[in-house]
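The values are calculated or read from the model by the stated rules, or taken from the named source; none is laboratory data. This structure is a prediction, so every number in the text was calculated from the model and none was measured. Cβ placement follows ideal geometry from the backbone for every residue including glycine, while neighbour counts extend to all protein chains displayed. These accessible areas exclude ligands, DNA and RNA; they are computed on the full protein's heavy atoms, side chains included. Shrake-Rupley method; radii C 1.70, N 1.55, O 1.52, S 1.80 Å.
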Amino acid sequence: MVISAETRAAIDAQIQKYPQRRGALLPALHLVQKEKGWIAPETARELASIFEIQPIEVLEVVTFYNMFYDRPQGRHHVYVCTNLPCSLRGARDLVHALEQHLGIEAGETTKDGRITLGHEECLGACAWAPMLRIGETYHENLDLETAKRLLAELK
């Protein structure tokens, strides 16, 4: 059993709130990710068993939503918006510069496990482009030096 008894009890409580068992899959994924940090293949198989669905159906949900992770993550999640307004204001150049600065590609985690760098299609702050999200905090009107300073402050 990969999922702890405590998390399993919380999942069972969520299942009771929905008319169809499968309706509790998103809350269950949040609970498991909070416990484990990501949704590993063996975790997806266990969730599939709980929800009486195929493991691929769990993985489809995990890979569809950007709030779920299908691989280990760094302590800090740094995502640059790369939608058109941000890209027009230099977001893609910012991603490439941060990749060089951190020594990783977007989607990877630094060797020390501190930062996972990624990009998102839209963070909904077009008027303040370019911008990035660290965890749940938005940082707007960025240039490379400000972004590097923000990363340096992450411990």
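Summary table
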{"item": "Evaluation of Thr82 against (1) at pLDDT 95 or above; (2) in contact with an Asp or Glu (Cβ under 8 Å, 6 or more places away or on another chain) (one fails), failing number", "result": "(1)"}
{"item": "Within the stretch 36-91, considering residues that are assigned to a helix (DSSP H, G or I) and touching a strand residue (DSSP E or B) at 6+ places or on another chain (Cβ under 9 Å), the one surrounded by the most Cβ atoms within 10 Å (Cβ to Cβ)", "result": "Cys86"}
{"item": "Top-ranked residue in the stretch 92-107 [being under 15 Å from Ala152 (Cα atoms) and assigned to a helix (DSSP H, G or I); ranked as least open to solvent (accessible area, probe 1.4 Å)]", "result": "Leu98"}
{"item": "Condition met for Arg22 (open to solvent by 40 Å² or more (accessible area, probe 1.4 Å), part of a helix (DSSP H, G or I), modelled with pLDDT of 95 or more and among the basic types (Lys, Arg))", "result": "no"}
{"item": "Some residue of the stretch 52-75 being closer than 18 Å to Gly135 by Cα, in contact (Cβ under 8 Å) with a residue 60 or more places away in the chain and basic (Lys, Arg)", "result": "yes"}
{"item": "Residue under evaluation Ala91, criteria (1) among the small types (Gly, Ala, Ser); (2) touching a Cys at 6+ places or on another chain (Cβ under 8 Å); (3) more than 20 Å from Gly135 (Cβ to Cβ), criterion not met", "result": "(3)"}
{"item": "Selection count, the stretch 5-19, where residues are touching a helix residue (DSSP H, G or I) at 6+ places or on another chain (Cβ under 6 Å) and either open to solvent by 30 Å² or more (accessible area, probe 1.4 Å) or farther than 27 Å from Gly135 by Cα (or both)", "result": "4"}
{"item": "Candidate set: the stretch 116-136, residues that are within 19 Å of Gln73 (Cα to Cα), not hydroxyl-bearing (Ser, Thr, Tyr) and not in a loop (DSSP other than H, G, I, E, B); chosen: the one most open to solvent (accessible area, probe 1.4 Å)", "result": "His119"}
{"item": "Residue in the stretch 145-154 that is under 21 Å from Phe68 (Cβ atoms) and touching a residue at least 24 places away in the same chain (Cβ under 8 Å) present", "result": "no"}
